Amino acid sequence: MAATLGNRAAGWRSALARETRRGPAHGMASGHALACTLALVCGVFAGVAQDAAADDAPAAVLYATECASCHGANGRGNALVDGPVLAGLRASYIERQLESFRAGFRGANAEDPEGMEMRAAAVALDAASGTTLAAWLETLPAPLPETVASGDAALGAELYAPCAACHGERAEGMPALAAPALANQAPWYNDRQLRRFIVGVRGAHADDAWGTSMRASSVGVALDDVRHIVAWLSEQGGAAAATP
């Protein structure tokens, strides 16, 4: 595991060196950006290595080598590379999403570049490993999301009301309906995914029963109202942890 993380960090250092050698003007701009990115990514890797060392369970090691570079230490997400929060999500939901990626329900649309990257990762991961990871991630505490100030949370509460039938009154999720918690997810990810359901980038595959159901529920939402819903969701942190 340590070797894998070291190799990834070395790759970022090589990229920084290449950009710097391309010339002063180019190197100062892109080199500075890469330096900042390298610092952040290496910080994530260092945290992952420490966590895995403290918890040498197979799932923790598997996560550190296969998932942490995008989804952050302990599944807490990594906005730097568009990695959503996985910690605290129910294992059944995580497994279903992995299968959706493998089947091409998700990550097959060119307008979903992040999904396409995740699909490649899901295809490379065998089902047994996915089950192991999902069970482990469910046991981890979800982080509290940042509060979003760009929307009207009071209006968002009204707009969210129809969603409560599936996702719970405080967006804590409803296992009986296989509906995930939204309360502890990163606001930027909730925003992006709701927009993609609305426009049909996600939930459009005829064989994706769960996705098509969510798309049908979201098509009446105006794109400009998404920010209000997300603002309200960002204030519900902790709701998912309070629900068994």
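Observations on the model:
- Other residues whose C-beta falls under 15 angstrom from the C-beta of E172 contribute a net charge of -1, scoring Lys and Arg +1 and Asp and Glu -1.
- Calculated FRET value between A57 and A222, using beta carbons and R₀ = 51 Å, to 0.05: 0.65
- Heavy atoms of I198: accessible area, 1.4 Å probe, square angstrom to 10: 20 Å²
- Order of exposure, largest accessible area first, which applies to S69, S217 with probe 1.4 Å: S217, S69
- Derived scalar couplings ³J(HN,Hα) [region 97-110; Karplus, 6.51 cos²θ - 1.76 cosθ + 1.60; whole Hz; x for Gly, Pro]: 5, 4, 5, 5, 5, 4, 7, x, 5, 10, x, 10, 9, 4
- Between region 60-89 and region 145-203, the alpha-carbon center distance in angstrom: 20 Å
- Accessible surface calculations at 1.4 Å, restricted to protein heavy atoms, place region 139-224 at 52 Å² per residue.
- With all protein chains in place and ligands, DNA and RNA left out, the 1.4 Å accessible area ranks W188, W232 as W188, W232, largest first.
- Working note: Karplus 6.51/-1.76/1.60 with θ = phi - 60° gives region 224-229 the couplings 6, 8, 4, 4, 6, 4 Hz, where Gly and Pro are set to x.
The values are calculated or read from the model by the stated rules, or taken from the named source; none is laboratory data. Since the model is a prediction, treat every value here as computed from it, not as a measurement. Please note: Cβ atoms are built from the backbone with ideal geometry, for glycine as well, and neighbour counts cover all protein chains shown. Surface areas here come from the heavy atoms of the whole protein model, side chains and all, with no ligands, DNA or RNA. Shrake-Rupley method; radii C 1.70, N 1.55, O 1.52, S 1.80 Å.
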